[in-house]
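Taking it in order: structure first as structure tokens, then the write-up.
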Amino acid sequence: MGRIRILPDQVANKIAAGEVVERPASVVKELLENSLDAGATDLRVEVEAGGRRLIRIVDDGCGMLRDDALLAFERHATSKLRDVKDLLSITTLGFRGEALPSIASVSRLLLETRAAEEATGTRIEIAGGKMLRCEEAALGGGTAIAVRDLFFNVPARRKFLRTEPTELAHIASLVTHYSLAHPGKTFRLTSGPAELLSVTPVATTKERVYQVFGSHVLEELVDIGVRERELFIPPPSVPPSQGIAEYRSQPGPDDDPPKRTFRLSGFFSRPQVQKGNRNSIYIFVNGRLIRDRLMLHALSSAYHNLMPSSAYPFALLFLEMDAEEVDVNVHPSKTEVRFRHGSFVHDFVRDTIRERLMESRPAPAFSPAPPRSATPPAQMAAQLPYSEFSQMIENEEPVRGSDQSRDREGAVSLAEGTPKGTAATQRVAATGQDTGEDTREDTLPEFTLRPTRGPDPRLDFSAPPIEVTPGPPPSGKLSRRLDMHGEFPADAIPPPETSLSVLSDLRPLGQIHESFIIAAGRDGLWIIDQHVAHERILFEQVLKQRAAGRVEMQRLLMPLILQLTPEQQIDYARIADELHESGFETEPFGNRTIAVKAAPAAVGAADLERVLFEILEIAEGELRGTSLDDLRRNICASIACRAAIKINMRLDAAKMEWLLRALAATDCPMSCPHGRPIAMHYGTREILKAFHRI
Ligand code: ADP
Ligand code: MG
């Protein structure tokens, strides 16, 4: 007798559950996606004990016919796909027909559903994959699925679950994500008696961002609007997945080359908003929440030289494209995708964000946080500082003993990750019952869009520089009496100026600490860091010279001989050409030594050695996959940094004026090539408020 057996369905379902159901949040994800696929406009999620005891999702979607309701729990039973050709153009979130049987095999599940075309509904109860009950029931339209005691029959999995607050935070993050992608729908998330998210339909994503995060966050974001780019596909094309390649129809010789339109919309933060992790990055492709290295790379490239590489922005990106342009059948949890034209997508996203960043030219303001009463607070769910999807990418260590995880780059079982936000999320659970707003900002800084970290500024700009404690607004009587101090004509208050395009109008007044230029502008006061400002000017200048192949060089009287380590020697060989193009004339000089004969004119002889070693260090860091373009920019940044005027240096009025003009003429006057802010703004309105004039 042979040794190979076909596994019974129950076992197969449990195996599938291992991939599809990693934790309570994965159940919420699958059920929410089903509800969305069913056309629901009202989605309610109730959980208890972080989803371990109960997850219940109620929708007003199309519901299921009696026979379908039974079939839905069979393996590979789906209404969304008929044959393999359909895989090329999936527009629904689900398609594998795996979720319901998988979930039902590891929990006690109760399904209640009624389709509009049937008079009565269906109630089905399943525990650990065994059907306990299937009966007719008087039910309203739509579907309700309750999943109790997740993993009750898989103790190994249950052990891997994190604390309840952490699991709850994953769920909250997920529901928040989906609510952002579907502004026209109602979403509600409750944990026991506590309401974590409740949003009603609105017309635009912007309004939804406002509902979820509050006005404070919205003000800090740049709206992409809708940007498009077209791709003309040169035949023959490369199919994303070999298995379905044969079904792809090839264009005939007479056809016009097929054209595809890619569309990007959403919001992202200005470079001053710097997060310590990727938890505030939300990426949707055709309405599907994904985690994707390519998109993350495109995003960080957009901020290259505007933000330190260790920092991350807030981003909510919606990428739309023809369904054939993206293969969603990459992994059972459907959170990974493969783009058919990956580098096109990458460049489109990078360029669009970069362009919008440049256009908005934002400057950080000193303004103290607006009074709380004027700002609708963010919803509780939005404040839970944890994102399942970003965490998975963050953790690059493959799980030991799991070949599959090793194959999928960076996709690591969440159960292994140590959540960073645990302390904070526990705090949420502790205050879960009340809406403890007062304490929230201190304990949950993640979603507050103030710079949360930065590259060790020489002065701490995170606090307002002047002790301003706006008191209660003066009563009418009092303010009239104050008039004797001189009235500030109301029409003289300029509109608030947050764009750095006004830099060219600034009048330098002097320096503080011989390091920062104080300048008066149309709207208030500006402080400019002289070193980083000059760095930005030189950086763009060097970059332009480099692009035009006209880097100014100077010959050294005596070649500078540098001794390299074996590692540096390898890096040197790799970037020697790039060094040459950037103005360094170097050649190998014996064993692990190089001779530098000429250098960019901007770099003084005294700094030369340091600059070169710095560049070699960058090259070392860049070896793993960074583009030549990034390396080039980093070399230019190094040169600019060494050549720029230093802090603690007196500047006369003419020099300050020159610096401000030159800065205003740069493409990106808001941050230095390493991502530090250049200018701070204290608006007239804030000044007037501080003096109780308004
Ligand atoms: P898939 O979503 O990949 O098709 P699932 O196992 O998640 O597979 O669901 C199986 C089928 O059950 C779906 O194709 C759909 O027809 C039906 N279904 C599941 N959830 C709902 C729901 N909330 N409303 C209506 N139909 C549903
Ligand atoms: Mg599904």
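Values for this structure:
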{"quantity": "The stretch 87-130 - charge dipole about Cα centre, Lys and Arg +1 at Cβ, Asp and Glu -1, debye rounded to 20", "calculated": "180 debye"}
{"quantity": "Gyration tensor verdict on the stretch 47-88 (Cα atoms; rounded if a/c is under 1.5, prolate if a/b is larger than b/c, oblate otherwise)", "calculated": "prolate"}
{"quantity": "Linear extension gain, MET358 paired with TRP658, 0.36 nm per residue minus alpha-carbon span", "calculated": "105.8 nm"}
{"quantity": "Segment ALA138-ARG338, extension gain: residue separation times 0.36 nm, minus the distance between their alpha carbons", "calculated": "67.6 nm"}
{"quantity": "Additional length obtainable on full extension of the chain from GLU230 to HIS513, 0.36 nm per residue less Cα span", "calculated": "96.7 nm"}
{"quantity": "Cα centroid separation, the stretch 61-102 to the stretch 279-293 (Å)", "calculated": "23 Å"}
{"quantity": "Relative packing of peptides 341-353, 153-165 - highest average C-beta neighbours within 10 Å first", "calculated": "341-353, 153-165"}
{"quantity": "Mean Cβ count within 10 Å, highest first, over the residues of peptides 268-274, 180-186", "calculated": "268-274, 180-186"}
{"quantity": "Between the stretch 320-335 and the stretch 507-527, the Cα center-to-center distance that results, in Å", "calculated": "52 Å"}
{"quantity": "Cα-based shape type of the stretch 541-641, given that a ≥ b ≥ c are square roots of the gyration tensor eigenvalues and the cut on a/c is 1.5", "calculated": "oblate"}
{"quantity": "Alpha-carbon centroid distance for the pair the stretch 7-25 / the stretch 626-650, whole angstrom", "calculated": "53 Å"}
{"quantity": "Sparse-neighbourhood loop sites, GluC sites (Glu not before Pro) in the stretch 19-118 - DSSP loop, at most 11 other Cβ within 10 angstrom", "calculated": "GLU117"}
{"quantity": "Local electrostatic count at LEU608 - Lys and Arg +1, Asp and Glu -1, tallied over other residues with Cβ under 13 Å", "calculated": "0"}
{"quantity": "Neighbour-limited loop hits for GluC sites (Glu not before Pro), the stretch 280-339 (at most 13 other Cβ within 10 Å; DSSP other than H, G, I, E, B)", "calculated": "none"}
{"quantity": "Percent RCO, i.e. relative contact order, over the stretch 557-694, from Cα pairs under 8 Å lying at least 6 residues apart", "calculated": "18 percent"}
{"quantity": "Residues LYS646 and SER89, FRET efficiency given R0 of 60 Å [Cβ-Cβ distance, rounded to 0.05]", "calculated": "0.50"}
{"quantity": "Extent along principal axes [Cα atoms of the stretch 18-81; Å; largest to smallest]", "calculated": "33, 29, 18"}
{"quantity": "For GLN554, distant residues with modelled amide H under 5 Å away", "calculated": "ALA599, ALA601"}
{"quantity": "Hydrodynamic radius of the stretch 649-694 per Kirkwood, over alpha carbon pairs, in Å", "calculated": "13.0 Å"}
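Every number in this text was worked out from the coordinates using simple rules, so none of it is lab data. Just so it is clear, the structure is predicted and the values come from calculations on it, not from any experiment. Ideal geometry is used to build each Cβ from the backbone, glycine not excepted, and the neighbour counts take in all protein chains shown.
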